[in-house]
Structure formats: structure tokens, C-alpha cells
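Beneath this line is the structure, given in C-alpha cells, with notes to follow.
The values are calculated or read from the model by the stated rules, or taken from the named source; none is laboratory data. As the structure is a computational prediction, the values presented were derived from the model and not from experiment. Don't worry about glycine lacking a Cβ; one is built from the backbone with ideal geometry, like all the others, and counts go over all protein chains shown. Note: areas computed on protein heavy atoms with side chains; ligands, DNA, RNA excluded. Shrake-Rupley method; radii C 1.70, N 1.55, O 1.52, S 1.80 Å.
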Amino acid sequence: MIDLNALNPQQRAAVEQTEGPLLVLAGAGSGKTRVLTYRVAHLMEKGVAPWHILAITFTNKAAREMVERVRALAGEASEDAWISTFHSACARILRRDIEKLGYKRQFAIYDEDDRMTVIRAVAKELNLNDKEYPPKQIRAVISDAKNRLLTPQEWLKESEGDFRSRKLYEAYRLYEQMLKGNNALDFDDLLIKTLVLLTEHPPVLDYYRDKFRYILVDEYQDTNAAQYMLVRLLAGDRHNLCVVGDDDQSIYGWRGADLRNILDFEKDFPECVTIKLEQNYRSTGNILDAANQVIAHNRGRKEKALWTESDSGERVALYHAMDERDEAAFIAAMARKLIAGGENPGNIAVLYRTNAQSRVLEEAFVRGGTQYRVYGGQRFYERKEVKDLIAYMRCLVNPDDDVSTRRIINEPKRGIGESTVDKLAEYARENDMPLLSAALDCEDAPLTTRARTLIGGFARLMIDLTELMYEKRPSEFVEALIERTGYVKALEENKSEENESRIENIRELQGAVSEYENLNPEGDLSAFLENVALVSDLDAMNESGGAVTLMTLHSAKGLEFNEVFLAGMEEGVFPLTRAIFDDALLEEERRLAYVGITRAKKRLFLSHARTRALYNTRSANELSRFVTEIPQRLIVDGMGRMDTRRVPPPTQSTWGQPTRSPYNSRYKSGDRVTTGSAELDRKLGIAGVQKGAAGPLPSWSATPARASKPAAAFRVGDAVYHRVFGKGTVAALTGQGAEQRVKIRFVNGSERTFSAAAAPIVKVEK
């Protein structure tokens, strides 16, 4: 007998409501996995055969956890229940009946690399130019079409019908033919072919409707069109469908998830019962209060509010940083303090909106000697585009580096194939010279005329870059490197979300070089590369002792940590600039903030920078609306005092230039680590702490210095221009000097108030 008394009243109601459609709105940390596992066990205890139960979730990890927990409750008999991901369940269905669709049961399932191989073969057969029809763009078109359940012909009908659309249609059609010719499916096909099988072969649908008399779906807010249709088909007339999810945690709209699936469930099944799980077992009262206050600003949601029987706990800490280096140093120092106080590093997480933000954070952790791991994305200096440009630098600094030469000889693509490189490498070995020297000497190498021409072009490029390396400062050289190689230009020509992200990372690399140059005026390219190598090598030390987690907010969904830092809480960073004027995107950004806040169990730290260098551009952004939506009563400043400066005065040593932090260039084991501020040292409890292989953190003060740039002289009625919000008119002024605040009424009708000294506002002619 399972003990239902172990559940709270709402959980128990969700478990015992076995017949008919059931919507369980499960807030963050409310025990939804517990409900799902107990529900499966309860169904079996009532006499439902396990093979009549289908429980679907989104990740293999979640499925394995559910299997183990159901087995612990219901015994080995539960192994006959289908508990799996959507894709695994579909593959199992197809293995039994895919012959009805003209495939063999031994079909292959292609991963992303396999898909790209097929797409390149398609492009080659259709003579599609890679620049005009980039393979990744073709893949994106096919994935989007499949996500919307469109065949090639249906996609063409929805398209503009122009020449380009016809070519993409032909690519999609041929791609499908090649997959079938290879007896293969891609991941999208697992769902789509199952839908085709069930709709075109009624006996198969009847078989599975009879088999799956009770269906449970986890994370229902993340379902796409194909998954929605699949669930509706299998539920049939019985309607014994239980969906569990949280509309407030729907953050994957960009990859096809449709929030309407959960919001409209009661319309799809008017007889459904709705149960809300609002008791939270994860976070303190203050953290939940903050989360509730933020998400309440969204309109497209089901009304609910998390609560807990736990203590209120500590208030949310808000740190006002001078710049991104100051912010990173604070986070790294506070993490060290928590660890010194006994916290396991693995219970600490630093979350951020975009991968490009990780670089400065990583470097701060390295300098502080604190181990960290980056999840949900590669470490900054391991990302392909960053490694490619670093390889150019390494090759120029050390021409004997054959590994770097081989990496860049055809990057960006310049027509030099692997077989040509292999022949050149053999020539280099025979003549006892580095690969780069062989490239410079290619006229004597046993190559075709075309190959010599292509490699000769690469050789001349490297000669030019070598001269520039000695003539220019590092930041100027990197700019020239990007221009001469055409690296960014190649990415811009192949428009895609992935390439936009790569360009952002390249701009961030430029920012890293500029920052290094500012801090080390005498440093050259070789010294910068040494610094990069230090960052790359130290971040994996002390692996056995646990590590602080660095990850994007999207990657953090479903996880929890004792201590959570949310970095970059600024308008234009989080929420992203493109979301500010799009209500749907803004609400998804707010849901993402809600997810971030509710990852914290004990303590939550928010931080923002008055100025931030990101993508090689320094900006002064307002405090994120997601912070201002948290009531003042829940906020203390990062030093532990009641926060009375929700929007603090700006601080910059020179207007428009980064504030420099006094990093030392060399550290040794046993150095005493301090922040440079006696008050902050006392608050963080780190003064005099011995840390091996660590160095001093950047200096900051609890009361930041005023900006050296005087506030601009604005008058009511002045016409102004804001970099993000466009044209407007000064509506009101308060305060004086560096404390002056200016209210602007923009042409779109919105009104915003800024610090006159810090905001990117300029006067314009009326």
C-alpha cells in the first residue's frame, strides 16, 4: 500500500483524480514529480494494468528518475508501464509498425551531424551555392516546416513561391528522399512519422488507444504542435489524460513550444478538473514572494501564487556594480565567502541571460582560485569562433604551432580541402619545416595549380598579418585580423541565430583584448595569449572538491541550488533589447526571470552594472524591470543593508571608457586575498584568507564614487534621442548635477526616467 498521507491535500487530490482530463498547475518546487510517480503507483494499486499506463516527460534523465521512483513505490510490476520521453515512445511505436509507411523496422535515427551531412549532399546534388543557400539555413527551414507539421508541398504553398522558395522546397523534398533511401529518420521525424502512422492507419491508432488507457504528460507547457496532436490522438474518447506543467515556466517558445497548449487545456477538455500545486518545498518565503511579485506582471498566465511553510529567510541581495568586472569580482568573492562558511561549491550557481556574459565571470573565478564549471554552453575560450581567432594569433606568435595552422588554413572557408592539407603536411615533414613554412613555400610543394593558388593566398594573408602584429596594439590588430580574414563577413553572409551568437562572441573577444590592453598597457599579443591559457588551464583545478555552476538561465530550468546569483539584471541585457517592444517576448523573458529566481533555495543575489562592455560595446543601461518589480521590503543591498538606492548614481572613471580595476599581472600560492575595500572585506569575511594560486580581486567600495562627467544640461521641452528607445522630449527634471534625473516622453507614447549623467541620451534638433 502506498501512503497517500505523505502528500499534501492538493497533491493527494491530483493523485486520486484518476478518471477524465486533469490539469495540474504545478508551481516551481511544488513536488510535481512526486505527484506523477504516486499517480502511476496509485493507478496500479487500483487495479490498472501497468501496460495500460503511458507517462511522458521531456528528458531521459527525468524519465529515468521517474522509473526509479515508481519502482520504489509499486515494485517490479511497474516496469511494464511506458515511462519515457516523447521521442523514445515514438521510436518504440515506429519499430513495430513503420513498415506500413514504407520503411524497414531497422531504421536509423540521424543526429544533427548526420543531418548536416545529408543536407550538404542535397546542396551538392542541386548545385546550391553555400553562400546563397547555407546548409544550416536549409536545416532551419526543414526543422521549422516539420515543427509546423508541413510536408514539402505544404511548405511551398505557404511560402512566397519565388525562385528561392522553389529551391528550398526542392532541398526539403530531396532531403526527405535521401533519408528514406537511407532508411533513416531525423529526430523531428520520430514525432511526425508517428502522427502519420496513427492518422493514416486507424487500426494502429485503435491499438494504442486501447493500450494507453491512462496518459500522463510532464512539462506540458513545453509541448509543440506535433506533441500536442500526438497526445490528443492517443487520449481518444476516454480522455483519461493528466497533464502537469507550469505556464509560468514556459521559456522555450523560440524552439517551437506553444504556451497555448497548457493555457487552452480547459477549452480543449471542458470537463477537465484543474488542481493547483502552490505549496513550495524548495525556497524561502522571501524568495517566493519576490518570484510571485515579478511573474504577477504577466497577463498571459493562470493565476496562482507560491507559498511555503518554511521561514522567510534572508531578503534578496542586490549589488550595484560599477561595471561588469566589478560585478564579476563581487560574485566570485561572495561565492568564496559562502564556500569558506561551509557551503559546497556545487550548491552555488551563477545564472546569466546570454553565453557571452560568462567570459568576465570565468576570469573572476580563475583569479579568485575558485573552481567552476560552465554548463549549457562551452567555456568562452572553447567556443569554435573564439578558438579559430585565437588559433590565428597563436600561429602568428609561434609559427611552429602546426595544430593552430591546420585549424585556420581553411577557416573561414577558402577552398583548401583536407587532402590538400595532408599533402602539404607531408611536404613539411619531408623538408623538416613547420606547416606554416610549407604554406609559405607552396610553389615547390607537389600540389595542383589550383591548390598552390589557394594556399598562396593564405600565405600572403599570414605575411600581412605578421607585419600588422608588430605594427599595431593588440586591440587594433585583432580588429584588423577579423577584417583581413573575413571571418565575421562570412558569418554575416550566412544569416542564422547560431551565426549571430558567434558574431556576438567575437565582439566579446575583442572586448577581452581591449580590456587586457587597458589593464596592461605594455602587454603584447603574446602576453594576452598567455593570459588566455591561464584562464583555460585553471578552471578545471580541484575537480574533486566540487565546483560553482555557471550557466544560462535556459539551462537552469529544472535545477535547484542553495545559493543563486542572477547577473546582468539590466534593461537590454535581461530582458533583451529585442523583447522590450514585443509583449509576447517580454512575457517570456519575465517567465525566464521567474525560473531564475525560483532556482534558489536559501539565498538569492541580484546584480547589475552601471556600465557594461558586452559584444565589444560599452553601454549604460537602466536597472532591469524584473528587479524594480520586486518590492523594496524584500531587497537589501549586496553588502547586507536595507537597499534604499534602487537606482544608484552612475560611476565611471572617464565617461565612455571602462573603469579600470587594479589587477596584478602575477600571483603566487599563499597570497592573501582581499577585495581592496576594508568594509567589503569585513562584510564578506574574506580579509586575510589564504588562497593558493589566487590574486587580489578588483577594488570597489560600498558607497561608489560619483561620475566624473557632469550631468548634461537638459531643459523641459528639449528634443532628445536615446540609443534604444529613439526620439523623445524632456517632460520633467528632478535633482541637480550628477544626481539629476530626466523624464522623457518618447514618440511611441511611453515615458521613462533616466539618470542624466549616465543614460545614453543626446540632444537633437527639433
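So which residues in the range 724-753 are among the hydrophobic types (A, V, I, L, M, F, W, C) and at pLDDT below 75?
Val724, Phe725, Ala738, listed by residue number.
Does the range 224-256 hold any residues that are small (Gly, Ala, Ser), assigned to a helix (DSSP H, G or I) and more than 22 Å from Ala91 (Cβ to Cβ), and which are they?
Gly253
Of the numbered conditions (1) in contact (Cβ under 8 Å) with a residue 60 or more places away in the chain; (2) outside any helix (DSSP H, G or I); (3) open to solvent by 70 Å² or more (accessible area, probe 1.4 Å), Lys180 satisfies every one except a single condition; which is it?
(2)
What do you reckon, is Asn240 closer than 16 Å to Ile56 by Cβ, touching a Phe, Trp or Tyr at 6+ places or on another chain (Cβ under 6 Å) and either hydroxyl-bearing (Ser, Thr, Tyr) or surrounded by fewer than 23 Cβ atoms within 10 Å (Cβ to Cβ) (or both)?
Yes.
Of everything in the range 113-138 that's touching a helix residue (DSSP H, G or I) at 6+ places or on another chain (Cβ under 9 Å) and surrounded by fewer than 11 Cβ atoms within 10 Å (Cβ to Cβ), which residue is modelled with the lowest pLDDT?
Only one residue tops the list, namely Lys131.
For the range 341-394, give me each residue that is free of Cβ contacts under 8 Å to residues at least 40 places away in the same chain and open to solvent by 20 Å² or more (accessible area, probe 1.4 Å).
Gly342, Gln378, Lys387
What are the residues in the range 546-586 that are in contact with a Gly (Cβ under 8 Å, 6 or more places away or on another chain) and surrounded by fewer than 16 Cβ atoms within 10 Å (Cβ to Cβ), if any?
Within the range 546-586, Ala584 is the sole residue that qualifies.
Which one of the conditions (1) closer than 24 Å to Asp237 by Cα; (2) open to solvent by 20 Å² or more (accessible area, probe 1.4 Å); (3) without any contact (Cβ under 8 Å) to a residue 40 or more places away in the chain; (4) part of a helix (DSSP H, G or I) does Ala13 fail to meet, given that it meets all the rest?
(3)
Residues of the range 111-142 being of a type outside the set (Gly, Ala, Ser), assigned to a helix (DSSP H, G or I) and closer than 17 Å to Leu491 by Cβ, which ones?
Met116, Pro135, Lys136, Gln137, Ile138, Arg139
Could you check, for the range 556-569, whether at least one of its residues is in contact with a helix residue (DSSP H, G or I) (Cβ under 7 Å, 6 or more places away or on another chain), assigned to a loop (DSSP other than H, G, I, E, B) and more than 19 Å from Ala332 (Cβ to Cβ)?
Looking through the range 556-569, at least one residue is in contact with a helix residue (DSSP H, G or I) (Cβ under 7 Å, 6 or more places away or on another chain), assigned to a loop (DSSP other than H, G, I, E, B) and more than 19 Å from Ala332 (Cβ to Cβ).
Determine which member of the set Lys276, Lys267 is touching a residue at least 40 places away in the same chain (Cβ under 8 Å), open to solvent by 10 Å² or more (accessible area, probe 1.4 Å) and basic (Lys, Arg).
Only one candidate qualifies: Lys276.
Of Asp210, Asp218, which residue is surrounded by fewer than 22 Cβ atoms within 10 Å (Cβ to Cβ), of a type in the set (Asp, Glu) and within 20 Å of Ile83 (Cβ to Cβ)?
Of the residues listed, the single one that is surrounded by fewer than 22 Cβ atoms within 10 Å (Cβ to Cβ), of a type in the set (Asp, Glu) and within 20 Å of Ile83 (Cβ to Cβ) is Asp210.
Yes or no: Leu73 part of a strand (DSSP E or B) and of a type in the set (A, V, I, L, M, F, W, C)?
Answer is no for this residue.
Would you mind listing the helices (runs of 4 or more DSSP H) fully within the range 320-434 where at least 3 residues are touching a strand residue (DSSP E or B) at 6+ places or on another chain (Cβ under 7 Å)?
Output list reads 324-340, 358-367.
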